[in-house]
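The values are calculated or read from the model by the stated rules, or taken from the named source; none is laboratory data. Given the structure is predicted, the values throughout are model-derived calculations rather than measurements. Methodologically, a virtual Cβ is constructed for each residue, glycine included, from the backbone with ideal geometry; neighbour enumeration extends over all protein chains shown.
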Amino acid sequence: MKKKPSLKDIASKVGVSTALVSYVLNGKMEGRISKEVASRIKEVAKELNYRPNQIARSLKTNKTNSIGLLLADISNPFSSQIARIIENEADRMGYAVIIGSSDEDIEKSEKIIDVFLNRQVDGLILSLPDNSEHIVSNLKSKDIPFVLLDRYFPGIPTNTVAVDNYSASEDVVKHLMEKKYKNVGIVSYDTSLVHLNERLRGATEQLNGHSKVGKVRLGHIQEDVESSIDSFLKSEPSVDAIFFTSNLLTISGLKYLNSKEVIIPRDLGVIAFDKTDAFDLFYTSITYVNQPLPQLGKEAVRLIIQAISDNKKKEQIFLSAELIVRDSTSRK
């Protein structure tokens, strides 16, 4: 196997000390040596295909400049988009991101977090599944820097970045009422996750309890969405609008409504929490709650880097979402 180039090899070729090469490649001594020498050192390092020993560097600095990012489902447009935002923002701040997908499973989440910690990441950004308070408490007890993204647990002080789901759902109902919809059906997950239940609570309380709610189990999305819609359409009075509390629920709902030849918005108003590009393939443009993904991602990175430096301060950030009104709630 070909011997890897070393600092000594670079120093020998340039004609300077090994220490000077190390200083230059680590971004030190700027302004204290000539630009020509610094440029030559970097040029030779590139010619020799020099790669720093990250393990040795991390042992010396006690940092790996890496972040573990746990998402619910990387195939979900929300997760994939925010992963890219976090990756770009972290790179700008000098950090690499290792990504894992939990599939909303606690055991898988714990395994992925263990992998992150075994790789000695400096901090964690986590979208944790249902009933995972013990994971949060365990990380806090070990003083591991972490930020909860899109998920939060009232009563456990942590760094948190999420959307104000309650207010966003209030805005959904206000819009439907302004459009003269009177009987609203809500399709939501059967879960204890606070952010999803806040969406449901914001809508039902704004409707003063005058709403019909269909609950969807995680492993039975299409089946339970269809059952909820059937129940809504058979009810007396029948619903005239449906609010789906996630983009995946909306996609399942639109597929089923289309198969039943329900015309939107002529027969039924539809509104979604969050969006997906798949909406663009539907014959009617869908009204949706737009989550501020760039701000969510950037705040998550800011908080984790802050926590890596000082893990005592905790911030809870709740960002406003925007309702994007399109044709699916435009009554003729």
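Restrict the check to region 179-188 and report whether at least one residue is over 30 Å from Ile99 (Cα atoms), among the charged types (D, E, K, R) and in contact with a Leu (Cβ under 8 Å, 6 or more places away or on another chain). Looking for residues that are over 30 Å from Ile99 (Cα atoms), among the charged types (D, E, K, R) and in contact with a Leu (Cβ under 8 Å, 6 or more places away or on another chain), one finds none in region 179-188, hence no. Pairs are defined by a Cβ separation below 7 Å, a sequence spacing of at least 6 or placement on different chains, a first member in region 243-263 that is part of a helix (DSSP H, G or I), and a second member that is crowded, with 24+ Cβ neighbours inside 10 Å and of a type in the set (Gly, Ala, Ser); the pairs so defined are Asn247/Ala272; Thr250/Ala272.
Considering Thr18, Thr64, which residue is surrounded by 13 or more Cβ atoms within 10 Å (Cβ to Cβ), touching an Asp or Glu at 6+ places or on another chain (Cβ under 8 Å) and at pLDDT 85 or above? Selected residue: Thr64, the only one of Thr18, Thr64 that is surrounded by 13 or more Cβ atoms within 10 Å (Cβ to Cβ), touching an Asp or Glu at 6+ places or on another chain (Cβ under 8 Å) and at pLDDT 85 or above.
When both residues are 6+ apart or on different chains and their Cβ atoms are under 8 Å apart, which pairs have a first residue that lies in region 85-109 and is on the phi > 0 side of the Ramachandran plot, and a second that is outside any helix (DSSP H, G or I)? Close Cβ pairs (under 8 Å, with a partner that is outside any helix (DSSP H, G or I)) amount to Gly94/Asn65; Asp103/Ala72; Asp103/Asp73; Glu104/Ala72; Glu104/Asp73; Glu104/Pro129; Glu104/Asp130. Quick check: is even one residue across region 214-236 in contact (Cβ under 8 Å) with a residue 12 or more places away in the chain, under 26 Å from Ile86 (Cβ atoms) and among the small types (Gly, Ala, Ser)? There is no residue in region 214-236 that is in contact (Cβ under 8 Å) with a residue 12 or more places away in the chain, under 26 Å from Ile86 (Cβ atoms) and among the small types (Gly, Ala, Ser).
Checking the stated criteria, Asn208 turns out to be without any contact (Cβ under 8 Å) to a residue 24 or more places away in the chain and either on the phi > 0 side of the Ramachandran plot or not in a helix (DSSP H, G or I) (or both). Restricting the first member to region 5-24 and to residues that are β-branched (Val, Ile, Thr), and the second to residues that are part of a loop (DSSP other than H, G, I, E, B) and surrounded by 17 or more Cβ atoms within 10 Å (Cβ to Cβ), the beta-carbon pairs closer than 7 Å and six or more apart or on different chains are Ile10/Tyr50. Only residues that are more than 21 Å from Tyr152 (Cβ to Cβ) and among the acidic types (Asp, Glu): list them for region 311-331, please. Within region 311-331, just Asp327 meets the criteria. If you check Ser246, Ser192, Ser228, which single one turns out to be closer than 30 Å to Ile106 by Cα, out of contact with any strand residue (DSSP E or B) (no Cβ under 9 Å at 6 or more places or on another chain) and either among the hydroxyl-bearing types (Ser, Thr, Tyr) or outside the structural domain of Leu281 (by TED's automatic domain parsing) (or both)? Within the list Ser246, Ser192, Ser228, the selection yields Ser192.
For residues in region 221-248 being of a type in the set (D, E, K, R) and more than 21 Å from Thr276 (Cβ to Cβ), which is surrounded by the most Cβ atoms within 10 Å (Cβ to Cβ)? Per the stated criteria, the residue is Asp240.
Among the conditions (1) in contact (Cβ under 8 Å) with a residue 60 or more places away in the chain; (2) outside the structural domain of Leu124 (by TED's automatic domain parsing); (3) under 22 Å from Leu193 (Cα atoms); (4) crowded, with 21+ Cβ neighbours inside 10 Å, Thr287 misses just one, which is (3). Evaluated against (1) modelled with pLDDT of 95 or more; (2) in contact with a Ser or Thr (Cβ under 6 Å, 6 or more places away or on another chain); (3) surrounded by fewer than 21 Cβ atoms within 10 Å (Cβ to Cβ), Ile74 falls short on exactly one condition, (1). State which residue pairs qualify: first residue surrounded by 12 or more Cβ atoms within 10 Å (Cβ to Cβ) and at pLDDT below 85 and inside region 36-52, second residue assigned to a loop (DSSP other than H, G, I, E, B) and of a type outside the set (Val, Ile, Thr) in any location, beta carbons under 7 Å apart, and separation of 6 or more residues or different chains. Filtered contacts from region 36-52: Leu48/Pro5; Tyr50/Pro5. Here the condition is being in the same structural domain as Gly94 (by TED's automatic domain parsing) and without any contact (Cβ under 8 Å) to a residue 12 or more places away in the chain; of Lys312, Lys298, it holds for Lys312 alone. Here's a check for you: in region 206-220, which residue that is over 19 Å from Asp105 (Cα atoms) and loosely packed, with under 14 Cβ neighbours inside 10 Å is modelled with the highest pLDDT? Per the stated criteria, the residue is Asn208.
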